[in-house]
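Undergrad: Before I ask anything, here is the structure I am working with.
The values are calculated or read from the model by the stated rules, or taken from the named source; none is laboratory data. Keep in mind it's a predicted model, so treat the numbers as computed, not measured. We place every Cβ from the backbone using ideal geometry, glycine too, and count neighbours over all the protein chains shown. When the accessible area is computed, the model is the full protein with side chains, heavy atoms only, and any ligands, DNA or RNA have been set aside. Shrake-Rupley method; radii C 1.70, N 1.55, O 1.52, S 1.80 Å.
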Amino acid sequence: MDVLRRNHVRVTGRPDGPPLLLAHGFGCDQNMWRLVTPRLAPDFRILLFDYVGAGDSDLSAWREERYSSLEGYAQDIIEVLHALDPGPVVYVGHSVSAMTGVVAALREPELFSRLVLLTPSPRYLDDTGYRGGFSRQDIDELLESLESNYLGWSSRMAPVIMDTPDRPELQEELTNSFCRTDPAAARAFARATFLSDNRADLRQVTLPTLVIEAAHDSLAPREVGAYVRDAIPDSTLVTLDARGHCPHLSAPGATAAAIAAFAAPGAAA
């Protein structure tokens, strides 16, 4: 299988710049980086891809047994990096891709130089002494709704996730992105996302890590950002003055600036 075709890999930006791998979140594709990419392109070589089942990836390569857990998506990341062979990359993962990046970096740390975790959550379910933002009933209802009516779920959830009532075009864009995702692949990815627990993985991360959170995020409350920062030994937390779970769309300038300041060669960890 040609990995570059399978995952619709694209390379843009400065050819000799330090490499950035941008990984999209659930229900999205690489197009969701379109507002930060022009801001990063003058200084970085930007590597973009779609997980199998999303965007313009090769849907024939999708297998439920592989993509029913985050390890399958982490394997996509590893295989893309082996195919491109760009040297160690600064990995930027949005939402669930923050944790897939952590999984991939624990498997093959030599592929990565730094991690940027954009609105991450190691566990969406509340637990004793931990606030993930969702009860078990919340998650069960979310997954049941997604299973029974994926398009309806998409139109209801996109405004909640984006949380930009003054910019309805962004909510519409996220809805359309959800609708472009294959429903079977989306259901498997949703279960892998919302039922995962990667808290123990965070303590094993040895790479310099930047955690970026939004000041108002209904999917990943502020307690989660602080938890991730505290759990990863060599990490820094930046809070953007932004709303919603997708600051790379709602606040692309601030998001790109935070990434660039951390990813620049010689930048302090």
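Undergrad: For the range 1-152, give me the percentage of DSSP beta bridges that are antiparallel, rounded to the nearest 5 percent.
TA: 25 percent
Undergrad: Here's something else I'd like to know. Please identify, among Asp234, Asp43, Asp138, the residue showing maximal mean-square fluctuation in a Gaussian network model of the chain using a 10 angstrom Cα cutoff.
TA: Per the Cα network of the chain with a 10 Å cutoff, Asp138 tops the list.
Undergrad: If you don't mind, another one. Calculated from the structure, Rg and Dmax of the Cα atoms in Å equals which of (1) 16.9, 50; (2) 18.4, 59; (3) 24.9, 101?
TA: (1)
Undergrad: Taking the Cβ of Arg123 as the center, what net charge do the other residues with Cβ under 9 Å away carry, scoring Lys and Arg +1 and Asp and Glu -1?
TA: Taking every Cβ under 9 Å from that of Arg123, the sum is -2.
Undergrad: Summing Lys, Arg as +1 and Asp, Glu as -1, what charge do residues with Cβ under 10 Å from the Cβ of Ser135 carry, Ser135 excluded?
TA: Net of charged neighbours comes to -3.
Undergrad: So which residue, out of Ala104, Ala54, Ala231, gets the largest mean-square fluctuation from a GNM of the chain using Cα contacts under 10 Å as springs?
TA: Among Ala104, Ala54, Ala231, the largest GNM mean-square fluctuation belongs to Ala231.
Undergrad: Please identify which residues in the range 214-245 have an amide N closer than 13 Å to a label point set 7 Å out from the Cα of Ala257, following the Cα→Cβ vector.
TA: Under cut-off, by backbone N: 239-242.
Undergrad: Need the full-extension length gain, Tyr130 to Val160, defined as separation in residues times 0.36 nm minus the C-alpha distance. One decimal, nm.
TA: Full-extension gain reported as 8.6 nm.
Undergrad: Where does the charge balance sit around Leu4 when Lys and Arg score +1, Asp and Glu -1, over other residues with C-beta under 14 Å from its C-beta?
TA: -4
Undergrad: Roll a 1.4 angstrom probe over the protein heavy atoms and tell me the percent of accessible area of the chain that is carbon or sulfur.
TA: 50 percent
Undergrad: Okay, next question. For Arg39 and Glu65, calculate 0.36 nm times their separation in residues minus their Cα-Cα distance, and state this gained length in nm to one decimal.
TA: Extra length from Arg39 to Glu65 when fully extended: 5.6 nm.
Undergrad: Follow-up question, since we're still on this one. Over the range 1-74, give the accessible area per residue in Å² for a 1.4 Å probe, as an integer.
TA: About 41 Å² of surface per residue is accessible.
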